[in-house]
1. Can you tell me which residues in the stretch B:35-54 are in a helix (DSSP H, G or I) and either more than 11 Å from chain A (Cβ to nearest Cβ) or in contact with a strand residue (DSSP E or B) (Cβ under 8 Å, 6 or more places away or on another chain) (or both)?
2. Scan B:Arg99, B:Arg93, B:Arg107, B:Arg111 and give me the residue that is within 23 Å of A:Met27 (Cβ to Cβ) and open to solvent by 10 Å² or more (accessible area, probe 1.4 Å).
3. B:Arg157: in the same structural domain as B:Pro222 (by TED's automatic domain parsing), in contact (Cβ under 8 Å) with a residue 40 or more places away in the chain, surrounded by 16 or more Cβ atoms within 10 Å (Cβ to Cβ) and of a type in the set (Lys, Arg), yes or no?
4. From the residues in the stretch B:55-73 that are more than 17 Å from A:Leu30 (Cα to Cα), over 32 Å from the mean Cα position of the chain (by Cα) and facing chain A (nearest Cβ under 10 Å), which one is most open to solvent (accessible area, probe 1.4 Å)?
5. Here are B:Arg198, B:Arg209: which of them is open to solvent by 40 Å² or more (accessible area, probe 1.4 Å), farther than 21 Å from B:Glu132 by Cβ, touching a Pro at 6+ places or on another chain (Cβ under 8 Å) and without any contact (Cβ under 8 Å) to a residue 40 or more places away in the chain?
6. Write out, first by first residue and then by second, each pair whose Cβ atoms fall under 9 Å of each other, whose residues are 6+ apart or on separate chains, and whose first residue, in the stretch A:228-242, is under 17 Å from A:Asp164 (Cβ atoms) while the second is in a strand (DSSP E or B) and hydroxyl-bearing (Ser, Thr, Tyr).
7. Among the residues of the stretch A:102-121, how many are at pLDDT 90 or above and within 12 Å of chain B (Cβ to nearest Cβ)?
8. Tell me, which residue of the stretch B:89-101 that is within 13 Å of the chain's Cα centre (by Cα) and facing chain A (nearest Cβ under 7 Å) is nearest to A:Ala91 (Cα to Cα)?
There are 2 protein chains.
Amino acid sequence: MREERNDDKAPARGERRRRVQSAVTGMAVLKGLARMGGRATLTALAAHIDESPAKVHRYLVSLVEEGLVAQDAGGQQYQLGVEALHIGLAAMRQADPIRLAEASLIRVRERHEVTCFIAVMGNKGPTIVRFEEPGLPVTVNVRVGSVMPLLWSATGRVFLGLLDEREVLALARAELAAAAPDLRAMLAADDPIGQLRRDVRTAGCAAVRDVNLKGISAVSAPVFDYTGRLSAVLTALGATGGFDPDIDGPIGRVVREEAAAVSAQLGYAAT
Amino acid sequence: MREERNDDKAPARGERRRRVQSAVTGMAVLKGLARMGGRATLTALAAHIDESPAKVHRYLVSLVEEGLVAQDAGGQQYQLGVEALHIGLAAMRQADPIRLAEASLIRVRERHEVTCFIAVMGNKGPTIVRFEEPGLPVTVNVRVGSVMPLLWSATGRVFLGLLDEREVLALARAELAAAAPDLRAMLAADDPIGQLRRDVRTAGCAAVRDVNLKGISAVSAPVFDYTGRLSAVLTALGATGGFDPDIDGPIGRVVREEAAAVSAQLGYAAT
């Protein structure tokens, strides 16, 4: 920094561009080391990012000085340093599924003119935290703050299927015990909670038609974080008849793709 | 990369140095964004790292292209991107307390000629995983693989004091119930486990003299990871009389400083 400032007698545009290009090379070294698991020899790292060892070494010296990379005790290997860890921790604090999903909700609403929302697991159950409606919305009695049932909403079923917490299963059993006969009749007679969970795990998402709300269909897909944990559920809904809740239909695909895009932004690496 | 390769007609040494310096500027932008919590406006970020907004903007454009930084939906703020998260995850996988402590153990052994080791919490209790001895070691019946008592070793007391797991407390109660009267008599008569834990929490470390091993004194300090969790314990020991286990004595200070240095490398931010 000091150096560029000292000779910052308005460097030519091309020269400025080459300098930024050098920053990209530095980033490539750092990203390459991360892709290799965070630890590599100079030779292996240079081969991995397709640069000469001499050039990669010049950048590594700077990265070590900056604390982004460290050399191991024997000096044979380079590994990501404590500053890389701090950058990652700050990135994780910013990796907020609700904020990241907002852009997805707006896209789904604008392009497909459907009501959509994102829900997280609250202490009373799946809770809507962002809600987007098109110009001519269907009338539904859910909004931000609404708690959805685990057993009878598409949203709830994704949480039920993909979370293993004891509290979630306890909530589901309480719902089942308190259910009116017509709702209970919609579920499998034998092991209804286990059956719902297996269905969601197989499909990777959930859809309902006239289950939780009469005349309403919905399709939901999971948002995972970098630890692989379910962190939110993205749902689109509409009036049964005018809205196709098929998970492989146009809306179903969009919901699954948007949920997958948010997961990727959260650092989730699908296997 | 492509560009530098195209005009890589052996750039002058000074030019190469300036280019690497540009990589450092890129890193400074990334680290600055992390220090600001992972999210900032261009103006605030430029002020934070003491560079012009125009220059910082040039680097941010490249960082966004590389996925290390993202712009929020409104475009008003920059935040760390998913590649920054992946770099952090790789750095965390490399943040191994045992490997990092190895250099500390060797330093303590060489400079102070004392026996020292690092222990982690195993399923049977605190377990020694690296052990270093000077040329003329004291004879002790512990080695790599040895499980130390929670109540009567300095190592164990640090784990007892700083871990809150139910399993650890259960192990401590089992030790107490099985203790011979002379060992039991070394602890407080009233609430011995609670008293040990309070002492460790107050001191931040532990020392014993002729408690676990007759004629042996030891001093232990905690190694914390980036989540603030106790991940290992560093211990130095010697023959009582020739070895000062005072936590504020020369060896005590060294053990605490080396443990703190390993914690810092693990991303622990002492508050």
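The values are calculated or read from the model by the stated rules, or taken from the named source; none is laboratory data. Note that the structure is predicted; figures quoted are calculated from it, not measured. Heads up, the Cβs are rebuilt from the backbone with ideal geometry, glycines too, and the neighbour counts pull from every protein chain shown. We work out accessible area using only protein heavy atoms, side chains counted, and drop any ligands, DNA or RNA first. Shrake-Rupley method; radii C 1.70, N 1.55, O 1.52, S 1.80 Å.
1. B:Leu42, B:Thr43, B:Ala44, B:Leu45, B:Ala46, B:Ala47, B:His48, B:Pro53
2. Values: B:Arg99 fails: within 23 Å of A:Met27 (Cβ to Cβ); B:Arg107 fails: within 23 Å of A:Met27 (Cβ to Cβ); B:Arg111 fails: within 23 Å of A:Met27 (Cβ to Cβ).
Selected residue: B:Arg93, the only one of B:Arg99, B:Arg93, B:Arg107, B:Arg111 that is within 23 Å of A:Met27 (Cβ to Cβ) and open to solvent by 10 Å² or more (accessible area, probe 1.4 Å).
3. Considered against the rule, which asks whether it is in the same structural domain as B:Pro222 (by TED's automatic domain parsing), in contact (Cβ under 8 Å) with a residue 40 or more places away in the chain, surrounded by 16 or more Cβ atoms within 10 Å (Cβ to Cβ) and of a type in the set (Lys, Arg), B:Arg157 comes out as yes.
4. Only one residue tops the list, namely B:Ala73.
5. B:Arg209
6. Qualifying pairs under 9 Å: A:Val233/A:Ser220.
7. The total comes to 4.
8. Checking each candidate, the answer is B:Met92.
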